[in-house]
Amino acid sequence: MLTLEQVKAKSQTRLSGVHPVIRQLGETLIERCYNRGVWVLITQGLRTYAEQDALYAQGRTVLYDSKGKKLPIVTQVKGGYSIHNFGFAIDFALLLKDGKSVSWDTLRDDDKDSLPDWSEVVEEAKKLGFEWGGDWRSFVDMPHLQMVFGLTTAQFRAGIRPTQAQLNAVLSKLKPATPSKEGEPMTAEEKKEFEQLKKDVKALQTRVNINGDQTPPTVYHKALEAAKFVEAIATTNDKDQSALKILQTMYNMGLFEPRFIEHLKSFKGKV
């Protein structure tokens, strides 16, 4: 069984010539597929114009290989007309579990998850932003992945390249999302913080008498009784800290003295 690093190493030569962002995406694709039980081999990366012309000749002017086997047509474009020529495309195949054999069988399901391994690779590639040649209508290219950023081959030939903002937008997809802790058991430190938080909340509730059922401190009893006697308040056990301080201040000023209340009542309707 090959490790992830061993699987990635098999594609390093083909990835070495492509644009650095495409290389990083290709490595990420290999890693994500490996985590799904699918091994990917990058079979094509950067091509020179001459290499592209040689591929174009295959099946057209070059009909047979050195062993006399008939060659199929594998590309529709000459040099300068393929995204491979500019380092923004890669081709892939399935690396089998013997670590040596390669397959282009798009229906193969070695990981037995009822989804073809090829489809799993394409799924991960599209998540990264790749365009898949299998979606093309004029010339279906099942192993092909590319990223053109809205540019045409003519623009690439003219030297135009993706902006840094476009490249950064793609690279942002590589940042792993912060895993959610919802449903996970708390650590010992988290439990300690949670218990302290409950204590703090309980103390706050007691201090402000949020439930209205706390017995007020003894120091306020005289003020409360005096206020209740002159009907300034109806109950004494539902006052929070700020109300208690106000009542105590009024008591200290003599505002709950019966004589003062009677004096106030004598002005009722006269002001």
Inter-probe distance in nm under a simple model that places probes 7 Å from Cα toward Cβ, at residue 70 and residue 196: 7.9
Cα gyration tensor shape of region 68-175, rounded if a/c is under 1.5, else prolate or oblate by comparing a/b with b/c: oblate
Inter-probe distance in nm under a simple model that places probes 7 Å from Cα toward Cβ, at residue 49 and residue 100: 4.1
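Below 8 Å, C-alpha to C-alpha, sequence gap of six or more: please give me the relative contact order for region 2-59 in percent.
Reported as a whole number, the value is 41 percent.
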Identified option (computed Rg and Dmax of the Cα atoms in Å; candidates (1) 38.6, 124; (2) 22.3, 86; (3) 22.8, 92): (1)
Relative contact order (percent, whole number), the chain, Cα cutoff 8 Å, 6+ residue spacing: 13
Fraction of accessible area attributable to carbon and sulfur, the chain (%, probe 1.4 Å): 55
Cα shape, region 1-109, gyration tensor, a/c 1.5 rule: oblate
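Taking the solvent-accessible surface of protein heavy atoms with a 1.4 Å probe, what is the per residue accessible area of region 1-138 in Å²?
Roughly 53 Å² per residue, with all protein chains present.
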Surrounding net charge for residue 110, when Lys and Arg each add one and Asp and Glu each subtract one, Cβ distance under 13 Å: -3
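The values are calculated or read from the model by the stated rules, or taken from the named source; none is laboratory data. Keep in mind that what you see is a predicted model, and the values were worked out from it rather than measured. Note that we place each Cβ from the backbone using ideal geometry, even for glycine, and neighbour counts take in every protein chain shown. These accessible areas exclude ligands, DNA and RNA; they are computed on the full protein's heavy atoms, side chains included. Shrake-Rupley method; radii C 1.70, N 1.55, O 1.52, S 1.80 Å.
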